[in-house]
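Below is one structure, written out as structure tokens; comments come after it.
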Amino acid sequence: MIVKGKVWKFGDNVDTDQIIPARYLNTSDPYELAQHAMEDSEHPNFAKEHKEGDIIVAGRNFGSGSSREHAPIAIKYAGVPVVIAKSFARIFFRNAINIGLPIVEAPQAVDEIEHGDEVEVDLEQGIVRNLTKGKEYKATRFPETLMAILRAGGLMEYAKEKLKDNV
């Protein structure tokens with residue numbers, strides 16, 4: 001799985017309330033949530049200005065806060081194909097994988113990537129390429145089971161495929 005897009009850069013400790021403010025949690029419609037993605041962050045116009053395929057790059061502890069799945073859902077349905085960060089909050093990490101949102105830890109890449117850069121992420125190889133600057137970085141590679149979940153589009157889809165295979 002290789003994804004490519006323009007970067008929206010965020011800082012450290014972007015919590016779930018910044019990703020999808022609690023005032024919008026009266027819906028579970030993923031497309032409605034996507035319209036408010038990152039609204040309380042340092043880029044409050046993200047949902048209105050980003051293009052489908054743009055990539056979020058952030059610092060440490062991305063997705064901290066509540067355990068709600070709304071945060072990775074809002075990002076995924078906003079058309080973000082991958083989030084690159086120095087580190088992720090543990091519950092956000094699991095929720096992202098479970099809903100089929102690829103996330104990549106690549107601290108050196110985050111340090112050198114700037115807002116607006118064009119990047120490419122090879123999820124299978126664990127490589128982040130900054131196409132703007134012509135640089136390549138190692139990223140944490142997922143075990144095959146997690147890659148299979150991401151390829152399937154999330155844990156539920158993965159489970160359905162496995163159950164179908166066993167019938």
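Within the stretch 12-26, residues that are within 21 Å of Lys86 (Cβ to Cβ) sit with their Cβ atoms under 6 Å from residues that are modelled with pLDDT of 90 or more and of a type in the set (D, E, K, R), at 6+ positions apart or across chains, in these pairs: Asp12/Arg60; Gln18/Asp40.
Residue-by-condition table, conditions (1) out of contact with any Leu (no Cβ under 9 Å at 6 or more places or on another chain); (2) farther than 23 Å from Leu131 by Cα:
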{"position": "Met1", "(1), (2)": "no, no"}
{"position": "Asp15", "(1), (2)": "yes, yes"}
{"position": "Ser28", "(1), (2)": "yes, yes"}
{"position": "Leu33", "(1), (2)": "no, yes"}
{"position": "Ile56", "(1), (2)": "yes, no"}
{"position": "Ser64", "(1), (2)": "yes, yes"}
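In the set (1) without any contact (Cβ under 8 Å) to a residue 24 or more places away in the chain; (2) surrounded by fewer than 18 Cβ atoms within 10 Å (Cβ to Cβ); (3) closer than 16 Å to Val3 by Cβ; (4) β-branched (Val, Ile, Thr), Thr145 fails one condition alone, (3). The residues of the stretch 114-128 that are part of a strand (DSSP E or B) and under 20 Å from Leu150 (Cα atoms), listed by number, are Val119, Glu120, Val121, Asp122, Ile127, Val128. Residues of the stretch 102-124 that are surrounded by 16 or more Cβ atoms within 10 Å (Cβ to Cβ) and of a type outside the set (D, E, K, R): Pro102, Ile103, Val104, Ala106, Pro107, Ala109, Val110, Ile113, Val119, Val121, Leu123.
This table checks each residue for (1) in contact with a Leu (Cβ under 6 Å, 6 or more places away or on another chain); (2) at pLDDT 95 or above; (3) on the phi > 0 side of the Ramachandran plot; (4) among the β-branched types (Val, Ile, Thr).
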| position | (1), (2), (3), (4) |
| --- | --- |
| Ala106 | no, yes, no, no |
| His115 | no, yes, no, no |
| Val119 | no, yes, no, yes |
| Ile127 | no, yes, no, yes |
| Asn130 | no, yes, no, no |
| Ala139 | no, yes, no, no |
| Glu157 | no, no, no, no |
| Lys160 | no, no, no, no |
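Residue check: is Ala78 under 17 Å from Lys6 (Cα atoms), buried (at least 17 other Cβ atoms within 10 Å of the Cβ), touching a helix residue (DSSP H, G or I) at 6+ places or on another chain (Cβ under 9 Å) and not β-branched (Val, Ile, Thr)? Steps first, answer last, please.
Details: under 17 Å from Lys6 (Cα atoms): yes; buried (at least 17 other Cβ atoms within 10 Å of the Cβ): yes; touching a helix residue (DSSP H, G or I) at 6+ places or on another chain (Cβ under 9 Å): yes; not β-branched (Val, Ile, Thr): yes.
Criteria met by Ala78.
Of everything in the stretch 55-113 that is acidic (Asp, Glu) and not in a helix (DSSP H, G or I), the residue that is farthest from Met156 (Cα to Cα) is Glu105.
Does Lys48 count as out of contact with any Pro (no Cβ under 6 Å at 6 or more places or on another chain), surrounded by fewer than 16 Cβ atoms within 10 Å (Cβ to Cβ) and among the basic types (Lys, Arg)?
On the way: out of contact with any Pro (no Cβ under 6 Å at 6 or more places or on another chain): yes; surrounded by fewer than 16 Cβ atoms within 10 Å (Cβ to Cβ): yes; among the basic types (Lys, Arg): yes.
The answer is yes for Lys48.
The values are calculated or read from the model by the stated rules, or taken from the named source; none is laboratory data. Bear in mind that the values here come from a model prediction, so they are computed numbers and not experimental data. All Cβ positions, glycine included, derive from the backbone under ideal geometry; neighbour counts span all protein chains shown.
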